Amino acid sequence: MKSGIRHSGFGIRGAVCAQVVGRPAGLRRRAPRFGSSDSPFPIPHSLQHRHATGFTLLEVLAVMALLGLLLLGVFSGLRTATHSVRSGTATIERIDQVRSAQQFLRRELAQTLAQPIGKDSEGGPIYFEGSAREMSYVAPLPGYLGKLGPQLQHLQLVDDDDGGMRLELSLALLPPDGQPPQALGDPQVLLEHVSDGGFEYRGEDRQGNPLPWSPEWADGQQLPQLVRIRLEMPGNVAWLPLEVPLRVEPMRGASRMLRRGMGPGGAR
């Protein structure tokens, strides 16, 4: 009986207090939400407005400027890499051209034959013609091209349209009946973009005396012993001086020995 009275008394007092405070009895007071108007830590009005409207124009411009700088750096890197790849590819192709031209000329000049390519003013045979920018000789071509037999090869430095020169090779057939040589197609370009160059020759005279290097080979009735091809090219690819010894003809070597007074058995 006493416990019920106490409980009812507590309820009466709670109801009276609730009426005094102004809220229904039995309901708890809820804590104020953070940032609300009745919170002890309200959010400033400027921050509320910024959160509601997004980024400012200054922030957008700053992000765009940083993005532009980033894209500029990426583009510069790609451009540098592309330029390096192209430059490396061009250098490799240039090295291959120079190496192929040197190998071809070394092989052909080393196989030069003492076959007449013309006649001099006195009707004597001419086996070799050489000047500072042109030379003519007879040699067999490699591979299937050699099926036509030895051919007249005319090597020359020709001026191009860019102020430089190019190295060209012309081929012609030598008819067995002594007719003029018959050209085989257009001249073939062995090497382009040559800034300067020339040909030089060295050998012996008819008395067997050694001759110094000369840009002209005067005696066409005998072959030079050495041929030098000197070229200068722009860029970082260099043409190493090419010196080719020509084949020694056995019959011509024997005739030279006879002129010197040497017999088959040795010195007299």
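The values are calculated or read from the model by the stated rules, or taken from the named source; none is laboratory data. All of these numbers come straight from a predicted model, not from anything done at the bench. As a convention, Cβ positions derive from the backbone with ideal geometry for all residues, glycine included, and neighbour counts pool all protein chains shown.
In a residue-by-residue description of the range 206-219, the property of being surrounded by 18 or more Cβ atoms within 10 Å (Cβ to Cβ) and of a type outside the set (Phe, Trp, Tyr) applies to no position.
Regarding the range 122-140, can at least one residue be identified that is at pLDDT 90 or above, basic (Lys, Arg) and not in a loop (DSSP other than H, G, I, E, B)? Scanning the range 122-140, I find no residue that is at pLDDT 90 or above, basic (Lys, Arg) and not in a loop (DSSP other than H, G, I, E, B), so the answer is no. Restricting the search to strands (runs of 3 or more DSSP E) fully inside the range 176-268 and requiring at least 1 residues that are aromatic (Phe, Trp, Tyr), modelled with pLDDT under 85 and over 15 Å from residue 155 (Cβ atoms) gives an empty result. Restricting attention to the range 168-201, the residues that are in contact with a Gly (Cβ under 9 Å, 6 or more places away or on another chain), farther than 22 Å from residue 118 by Cβ and not acidic (Asp, Glu) total 3.
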